[in-house]
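Asks: My structure is below; once you've seen it, I'll send some questions.
Bear in mind that the values in this text are calculations on the coordinates, not laboratory data. Fair warning: this is a prediction, and the values are worked out from it, not measured in the lab. Neighbour counts run over all protein chains shown; Cβ positions are idealised from the backbone, glycine included.
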Amino acid sequence: MMKTSFYIKFLFFFVFLFSFNYLNSRIVDTIEALENQSLGDESAPIKMIEFASLTCGHCAKFHNEVFPRIKKDYIDNGKIFFTYQDFPLDKFALKASVIARCSGKDKYFSFLKVLYKKQKDWTRSQDPFKSLLKIAKLGGLKNDEIKVCVSNKSIEDGILKKRLNSTKNFEIKATPTIYINGKKYNGDLTFEALKLKLDSLIN
């Protein structure tokens with residue numbers, strides 16, 4: 001009963017989120033999967049980079065409560081060019097990152113949205129990996145594509161290599177960590193605190 005309820009909740013969420021491009025889902029190759037995932041205008045005055053793990057509770061809180069407002073007020077208005085960097089903290093976060101990247105550039109942030117929105121459901125299930133496979137299937141990936149995706153060690157290795165480089169080059173010690181115009185942001189991760197910082201750079 002619990003498993004059925006879990007599946008139904010995901011089904012309704014995905015039908016709503018992917019109803020317009022469900023049939024256009026496709027698996028991507030390793031090179032495309034490992035490309036930077038960004039939103040916004042590349043010429044925006046503010047460049048924001050977030051390092052996050054899909055099993056991190058603080059990351060989920062940021063993406064569920066703060067990021068939508070940043071996207072609406074700054075990214076969609078051409079003020080911020082936002083880049084998401086995977087920094088998986090465990091094997092399930094790594095697998096989730098792989099699946100999201102296999103979904104392709106057009107659907108990547110939609111997958112992130114679901115994975116963070118439903119984080120407590122899939123991470124606390126009896127078999128988190130099996131729950132991730134359900135998410136991939138509901139997101140439009142076919143069974144054979146999912147198998148190719150999750151067994152692609154090149155994508156996993158690429159993500160882990162980027163994580164290692166991020167640790168060295170950006171001094172990442174916790175997630176989420178945010179860089180704004182090349183400088184680590186050390187303030188609170190509330191929308192109000194970030195707004196003060198962002199507005200000070202624009203005005």
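Asks: Quick one: angle between helix 108-117 and the longest Cα principal axis of the chain, in degrees between 0 and 90, rounded to 10, please.
Replies: Taking Cα atoms only, the helix is inclined about 80 degrees.
Asks: Next up: Quick check: residue separation of LYS71 and THR167 times 0.36 nm, minus the Cα distance between them. What number comes out in nm? Write out the running numbers ahead of the final one.
Replies: Numbers: separation 96, 0.36 × 96 = 34.56 nm, distance 2.60 nm.
Additional length available on full extension: 32.0 nm.
Asks: Ok, one more. Based on DSSP, what percent of beta bridges with both residues in the chain are antiparallel, to the nearest 5? Could you put the intermediate results ahead of the total?
Replies: Details: 9 of 16 bridges.
The answer is about 55 percent antiparallel.
Asks: So what's the gap between the Cα centers of the stretch 121-199 and the stretch 73-87, to the nearest angstrom?
Replies: Taking the Cα centre of the stretch 73-87 as reference, the centre of the stretch 121-199 is 15 Å away.
Asks: Say the cut-off is 28 Å between C-alpha atoms; which of LYS105/LYS161; LYS72/LYS134; LYS71/LYS142; LYS130/LYS162 go over it?
Replies: Working: LYS105/LYS161 20 Å; LYS72/LYS134 30 Å; LYS71/LYS142 30 Å; LYS130/LYS162 26 Å.
Those over the limit are LYS72/LYS134; LYS71/LYS142.
Asks: Run a plain Debye calculation on the chain (Cα atoms as equal point scatterers, no solvent) and give log10 I(q)/I(0) at q = 0.12 Å⁻¹, rounded to two decimals, same order as the q list.
Replies: Per q value, in the given order, log10 I(q)/I(0) is -0.60.
Asks: Test of understanding: given the chain, find the longest segment containing no trypsin sites (Lys or Arg not before Pro) that are in a DSSP loop and have at most 16 other Cβ atoms within 10 Å.
Replies: On the way: sites that count: ARG26, LYS105, ARG124, LYS142, LYS173.
Counting only loop sites that pass the neighbour cut-off, the longest clear stretch is 27-104.
Asks: Same structure again: In the stretch 98-191, what GluC sites (Glu not before Pro) fall in a loop by DSSP, with at most 10 other Cβ atoms inside 10 Å? Let's see the in-between values first.
Replies: Details: sites: GLU145, GLU156, GLU171; in loops: GLU171.
Loop-located and lightly packed - GLU171.
Asks: Any idea what angle helix 2-18 forms with the longest principal axis of the chain, computed on alpha-carbon atoms, 0 to 90 degrees, nearest 10?
Replies: It is inclined by approximately 60 degrees.
Asks: Quantify how much of the Cα-Cα distance distribution of the stretch 106-187 extends past 17 Å, in percent. List each step's numbers first, then the result.
Replies: Numbers: 2107 of 3321 pairs.
Taking all Cα-Cα pairs of the stretch 106-187, the fraction more than 17 Å apart is 63 percent.
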